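A short worksheet on the structure shown next.
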Amino acid sequence: MVHILNLQTQKRNQWIDITSLIEGFLQNFQFKDGVAIIYCPHTTAGITINENADPDVCRDLLRRLDELCPWDMAQDRHGEGNSAAHLKASLMGSSQTVIVKDGRLLLGRWQGVYFCEFDGPRSRQCFVKFIG
């Protein structure tokens, strides 16, 4: 079974911690051991794992990504004008695989799973599949 997370992003650059939402699926479906695959089907958004203890980490990473991939690149040829979002999404990647042990994501102490929005605000979906 594929589980769907429906997300509403609020701004162009935003990371949403979806760890507890994924673990909610684990509890609801009593999935104990295996792997979770978290997949983003959007070309201007991605999935990453990073620190979830200090919100400044996300802010710093978004700022650094803006430095690497600025929006004001007049020479970009993509007609929608969002090449920066496509590049950021490619850097993050479209999926993550996480081990599940005893009904919990096997993440490090300070880690969380993030949905990374780079072209919002938008209605988005993220898919989660448990294999055990």
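Descriptive notes on the structure:
Quick grid of which residues meet (1) under 21 Å from Trp110 (Cα atoms); (2) out of contact with any strand residue (DSSP E or B) (no Cβ under 7 Å at 6 or more places or on another chain):
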| residue | (1), (2) |
| --- | --- |
| Cys40 | no, no |
| Ile47 | yes, no |
| Ala53 | yes, yes |
| Arg59 | yes, yes |
| Arg64 | yes, yes |
| Trp71 | no, yes |
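- When segment 21-58 is filtered for residues that are of a type in the set (S, T, N, Q), surrounded by fewer than 17 Cβ atoms within 10 Å (Cβ to Cβ) and either without any contact (Cβ under 8 Å) to a residue 24 or more places away in the chain or within 11 Å of Val113 (Cβ to Cβ) (or both), the ones remaining, listed by number, are Asn28, Asn50.
- Qualifying positions in segment 103-128 - farther than 23 Å from His42 by Cβ and small (Gly, Ala, Ser): Gly103, Gly108
- Residue match in segment 57-77 (condition: in contact with a Phe, Trp or Tyr (Cβ under 9 Å, 6 or more places away or on another chain) and under 19 Å from Leu26 (Cβ atoms)): no
- Considering each residue of segment 78-96 in turn, none proves to be closer than 16 Å to Leu7 by Cβ, surrounded by fewer than 18 Cβ atoms within 10 Å (Cβ to Cβ) and more than 13 Å from the chain's Cα centre (by Cα).
- Gly34 meets the conditions (1) on the phi < 0 side of the Ramachandran plot; (2) modelled with pLDDT of 95 or more in every case but one. The failed one is (1).
- Lone unmet requirement of (1) among the small types (Gly, Ala, Ser); (2) buried (at least 16 other Cβ atoms within 10 Å of the Cβ); (3) touching a helix residue (DSSP H, G or I) at 6+ places or on another chain (Cβ under 8 Å) for Gly103: (2)
- Entry remark, segment 1-24: residues being assigned to a helix (DSSP H, G or I) and modelled with pLDDT under 95 number 0 in total.
- In the condition set (1) free of Cβ contacts under 8 Å to residues at least 40 places away in the same chain; (2) farther than 12 Å from Thr19 by Cβ, Phe118 is compliant with all but (1).
The values are calculated or read from the model by the stated rules, or taken from the named source; none is laboratory data. Keep in mind that this is a model prediction, so the values were computed, not measured. A quick note on method: Cβ atoms are made from the backbone with ideal geometry, for glycine too, and the neighbour counts reach across all protein chains shown.
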